[in-house]
Amino acid sequence: MINHNELRNQFPVLKTKVYDKTLVYLDSAATTLKPQNVIDSVNKYYAQTTANVHRGLHFLSELNTDLYEGTRDQVQKLINAKTRQEVIFTKGTTESINLVAASYVRNFLNNGDEILITQMEHHSNIVPWQLAAEAIGAKVRAIPIDDNGDVIMEEYKKLLGPKTKFVSVAYISNALGTVNPVKEMIKLAHHVGAKFMVDAAQAIAHRPVDVQDLDCDFLAFSSHKMFGPTAAGILYGKEALLEQMPPYQGGGDMIDVVTIEKTTYNALPFKFEAGTPAIASVIGLGEAIKFLTSLKFADLMEYEKSILTYGTAKLQDIPGVRLIGTAVEKSCILSFVVKGLHPHDIASITDKEGVALRTGHHCTQPLMKRMNVTATVRASLGIYNTKQDIDLLIQAITKAIKILS
Ligand code: C6P
């Protein structure tokens, strides 16, 4: 059982007043709040222990190298990667996907090959594939979804064929909350010899992610969506694939021997980590993993499900509200529209009540088109949210509808 008073006390931002009201933070899909241990570790790096990693032969440099590489071990354990070499530090999910598009797709796919994504992907899981596909003459195709926001598996099976060389799918949709059956999808992709990437940006803070069990070829997530600092993220890749792939960027740390004529590269994972990394953020990510793993995933999932179910029922009770995203399996996202009202107008009023929501297309324009909306209001939940937060959300929306109607 999670003690919510104790848990909420670990998040100082929850004590912030906005417009003199207590903050009701319902924007965790955009970025989660940070617990005190994460904040302290970043502070400590800048106030007491600043130094670069992997370079200096001095006390503080070695201390930071140990902490930085310690986070890699924690990530390996968290996602059950076979080796620490399979864990690459990046700036975030976006950079991880771009790395695979630039280094794998551009080099291992050919003219006429196909890359499959779903209609619900975030722009970060669309545009990098388009850029790579354009460069090599490959094609990006979308797996259709139904009106609830579930992937139509029959359509997926029809799209898979000898031309399919790569599939990339969000584990959980940021705009609908759909939990995609990625394990099954990976199996099907492997049957036709395609590689599979999982965008785990919205999954990593909400469920166990086991790369060996999923058997994905690549997987990406961001530290800032799992209680850690911004500007750090992870690319997981199967070692055999990462070994074959050329570096994504050149610079310090990724080299072995450099001459003016030619460079040989460092071993994994450093081959993909050019330049000074986000040291404080990676150290903070280690603390975020400590926080996350201090909660049992079974407890966390049961609790989040109870809040989601409560919020879904309450929202559906408000006349005129229509949920966008009613998939069979859902996680932590309440996306909705209100008949006759623009999402931005609603949020400008709920904001004044201290309720932090996101409105717009949520970086999923093709999805908005598929669902026949231009924008939605999105409340996204984190482990620190309570039924009281949902009640305050409902009050604020009801007030907004009253004022705007
Ligand atoms: N979604 C949201 O409010 P970055 O920005 O690299 O940390 O993550 C990109 C990204 C990729 N995939 C999914 C499924 C995501 O949800 C996101 C980020 C935020 O929904 C910001 S747009």
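The values are calculated or read from the model by the stated rules, or taken from the named source; none is laboratory data. Owing to the predicted nature of the structure, the values given are computational and were not obtained by experimental measurement. No Cβ is skipped: glycine too gets one built from the backbone with ideal geometry, and neighbour counts run over all protein chains shown. Note: areas computed on protein heavy atoms with side chains; ligands, DNA, RNA excluded. Shrake-Rupley method; radii C 1.70, N 1.55, O 1.52, S 1.80 Å.
Summed over region 372-405, residues that are within 22 Å of the chain's Cα centre (by Cα) and under 14 Å from GLY325 (Cβ atoms) total 7. If the condition is being closer than 25 Å to GLU302 by Cα, among the β-branched types (Val, Ile, Thr) and crowded, with 22+ Cβ neighbours inside 10 Å, then region 378-404 contributes ILE383, ILE390. Note on region 82-138: among residues that are out of contact with any strand residue (DSSP E or B) (no Cβ under 7 Å at 6 or more places or on another chain) and among the β-branched types (Val, Ile, Thr), the one that is surrounded by the fewest Cβ atoms within 10 Å (Cβ to Cβ) is THR83.
Of the residues in region 146-155, at least one is away from the ligand (no atom under 16 Å from the Cβ), modelled with pLDDT of 95 or more and touching a Pro at 6+ places or on another chain (Cβ under 6 Å).
Sub-8 Å Cβ pairs linking a first residue in region 348-372 that is farther than 20 Å from LEU176 by Cα to a second residue that is more than 13 Å from the ligand (Cβ to nearest atom) and assigned to a loop (DSSP other than H, G, I, E, B), at least 6 apart or interchain, are ASP351/TYR19; LYS352/TYR19; GLU353/TYR19; GLY354/TYR19; GLY354/LEU23, ordered by first then second residue.
Exactly one residue among TYR68, TYR104, TYR25, TYR45 is outside the structural domain of HIS224 (by TED's automatic domain parsing) and either among the aromatic types (Phe, Trp, Tyr) or on the phi > 0 side of the Ramachandran plot (or both), and that residue is TYR25.
Scanning region 5-17 for residues that are more than 26 Å from GLN395 (Cα to Cα) and either in a loop (DSSP other than H, G, I, E, B) or open to solvent by less than 80 Å² (accessible area, probe 1.4 Å) (or both) turns up at least one hit. For region 36-48, the criterion of being surrounded by 14 or more Cβ atoms within 10 Å (Cβ to Cβ) and not in a helix (DSSP H, G or I) is met by none of the residues.
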